[in-house]
Amino acid sequence: MNMNETRKDNGRNGERPTVMPHRGGNNMIYVGAAIAVVAIVIVAAFSMGILSTGSKESVSLTGAGATFPMPLILKWADEYYNVTDGAVKVNYGGGGSGAGITQIKEKQVDFAGTDAPLSSTESSTYGLVHIPETLGAVVVAYNLPGITSLRLDGDTIAKIFMKDISVWNDPAIAALNPGATLPDESIATVVRSDSSGTTFVFTGYLAIVSPVFDELYGQGKTVAWPNGTLAQSGNSGVAQAVQGTSYSIGYIELAYALENDISFAQVENHDGQFITASLDTTAAAAAAAVPALPAGDGDWSEVHVLNAPGSDSYPIVTFTYILIYKELYNEETEMNKTAAETLLDFIWWAVHDDGQSLAGPLQYAPLPDAVVELNEETLRSITYQGEPLMD
């Protein structure tokens, strides 16, 4: 059964294909090609009091997109299943932010995940709203036998990925790591092959700290990397490649590095401090961005948390977003009102305390209170056939 066929199950008793994460030993690597579907089974109970429909009708919802928040979404799914009654199935396919954005524009899914905000034109043309779901860090992961600690600054990272620095004992890397015995080995750079919000965040940082990178490559969900670069699909694909390739370096979301025991570099921040990515340093970076955030249906295209000031701020931090339509009824998807209410019910739960309390153990930063309040306003603005779904 293909995606278009399963889309007709919204608000009905539909079944969808299931692909489970593979766990090996103490490590966890999420398996999937760019459009592989990772089925998430969650349950929404209307008796929670967030929305009251008086119905426990079986509902199927579909989402797709960013792999960046997938560990947290999977955890939300497990917990939501445990605390509710079995009324809702939600399938979330990875594939990267670009795939998710394409599918929500084409109304193939009910919601999308993205780390890259939409352009102002996309937001207004398609009637989509941004709902920040959490904050996370992109780390520079490496596989360097014999080296357990590594410091890098932005300019050096940019030169490594531009292939201007090609060996590990290059003087620029050695100067940042006095006392370390760096090998005379070629650096294998690993990047994303799919249209990726993680790439958008990482290249956005490099474009800020390196004028040369900005001129030659710039920020984007896809980048024309130099020849000789190893490209893999998804955060999981890059994590596997770095883990399996000696003398490699790549960029992945922090949770993937921690779950798979992959080393990652301390990165010099805006204030000249070498910072390890963590829950606290991610939250520190986000603090400065919160007061300037737009409304959910506004222009998010310039929002970022990159190279933020502050001695404790990790420099490669991002919001990651859920995208949904401001008007949830449309004839193409045939989403009924119960399904629309259920979608908002789950998102409300995820962005409030019960959902956000699960972020920290996976090294995602819980949303600041001001962002939660912003999300509440956005969710209350969502309509079905012109009528708000929430009071």
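Going by average Cβ density within 10 Å per residue, which order do the peptides 176-184, 281-289, 239-247 take, highest to lowest?
Numbers: 176-184: 12.3, 281-289: 20.7, 239-247: 18.8.
The densest-packed peptide leads the list: 281-289, 239-247, 176-184.
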- request: Please calculate the 1.4 Å probe accessible area of S124, with all protein chains present, and give it to the nearest 10 Å².
  value: 90
- line: The local net charge around G237, scoring Lys/Arg +1 and Asp/Glu -1 for residues other than G237 whose Cβ lies under 9 Å from its Cβ, equals 0
- line: For the chain the mean separation of alpha carbon contacts under 8 Å (6+ apart) over residue count, i.e. relative contact order in percent, is 22
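Can you give me the relative contact order of segment 191-250 as a percent, contacts being Cα pairs under 8 Å and 6 or more apart? Intermediate values should be presented prior to the final figure.
Numbers: 67 pairs, mean separation 23.3, N = 60.
Relative CO of segment 191-250 lands at 39 percent.
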- line: Here P(r) for the chain, Cα-Cα distances in 20 Å bins, as whole percents, is 29, 56, 14, 0
query: Roughly how much of F111 is accessible, in Å² to the nearest 10, using a 1.4 Å probe?
result: 20
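Enter the accessible area per residue of segment 219-375 (Å², integer; probe 1.4 Å; all protein chains in place).
Dividing the accessible area of segment 219-375 by its residue count gives 37 Å².
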field: Cα gyration tensor category, rounded, prolate or oblate, for segment 160-277 with a/c compared to 1.5
entry: rounded
message: Could you compute how much accessible surface H304 exposes when probed at 1.4 Å, giving the result in Å² to the nearest 10?
response: 100
- prompt: Which entries in K107/K221; K163/K221; K75/K163; K75/K105; K221/K326; K75/K107 show an alpha-carbon gap greater than 31 Å?
  reply: K75/K163
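Apply 1/(1 + (r/R0)^6) to the Cβ-Cβ distance of M390 and T276, taking R0 = 45 Å, and write down the FRET efficiency to the nearest 0.05. It would help to have the intermediate numbers written out before the result.
Working: r = 40 Å, r/R0 = 0.89.
The value I calculate is 0.65.
The values are calculated or read from the model by the stated rules, or taken from the named source; none is laboratory data. In this text, all values refer to a predicted model and were calculated from it rather than measured experimentally. Neighbour counts run over all protein chains shown; Cβ positions are idealised from the backbone, glycine included. Surface areas here come from the heavy atoms of the whole protein model, side chains and all, with no ligands, DNA or RNA. Shrake-Rupley method; radii C 1.70, N 1.55, O 1.52, S 1.80 Å.
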